[in-house]
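The structure under discussion appears below in the form of structure tokens.
The values are calculated or read from the model by the stated rules, or taken from the named source; none is laboratory data. Since the structure is predicted, the reported quantities are computational estimates derived from the model, not experimental observations. Using ideal geometry, Cβ is built from the backbone for each residue, glycine included, and neighbour counts are taken over all protein chains shown.
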């Protein structure tokens with residue numbers, strides 16, 4: 001399957017890794033062309049993030065392993081785009 005975009009809900013400890021370390025780990029995975037990390041929640045011990053990753057023929061297992069290897073946890077895949085092109089979600093009006 002040609003995975004082109006992943007939007008992941010990820011948590012990390014407040015102290016480590018840094019967002020730069022996490023970004024480097026994800027970017028090192030074959031097929032990853034770009035990513036965006038948005039912090040959406042901070043509490044005493046953890047930082048919650050939404051990570052958007054785009055590329056060509058990305059390997060989800062390798063991405064998840066890279067994230068876990070630096071000490072983070074993937075909670076869910078919130079969006080997956082695959083195929084020959086990215087199809088954007090169009091909000092339906094009622």
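Scanning region 57-71 for residues that are in contact (Cβ under 8 Å) with a residue 24 or more places away in the chain and either part of a strand (DSSP E or B) or more than 25 Å from residue 86 (Cβ to Cβ) (or both) returns 57, 58, 69, 70, 71. Only a single criterion out of (1) touching a helix residue (DSSP H, G or I) at 6+ places or on another chain (Cβ under 8 Å); (2) in a strand (DSSP E or B) is not satisfied by residue 54, namely (1).
Number of residues in region 19-51 that are at pLDDT 95 or above, part of a loop (DSSP other than H, G, I, E, B) and over 20 Å from residue 79 (Cα atoms): the value is 1.
Can you tell me which residue among 42, 37, 53 is touching a strand residue (DSSP E or B) at 6+ places or on another chain (Cβ under 8 Å) and under 16 Å from residue 2 (Cβ atoms)? Reasoning before the result, please.
Details: 42 fails: under 16 Å from residue 2 (Cβ atoms); 37 fails: under 16 Å from residue 2 (Cβ atoms).
Result of the check over 42, 37, 53: 53.
The condition of being surrounded by fewer than 16 Cβ atoms within 10 Å (Cβ to Cβ), on the phi > 0 side of the Ramachandran plot and more than 11 Å from the chain's Cα centre (by Cα) holds for only one of 89, 57, that being 57.
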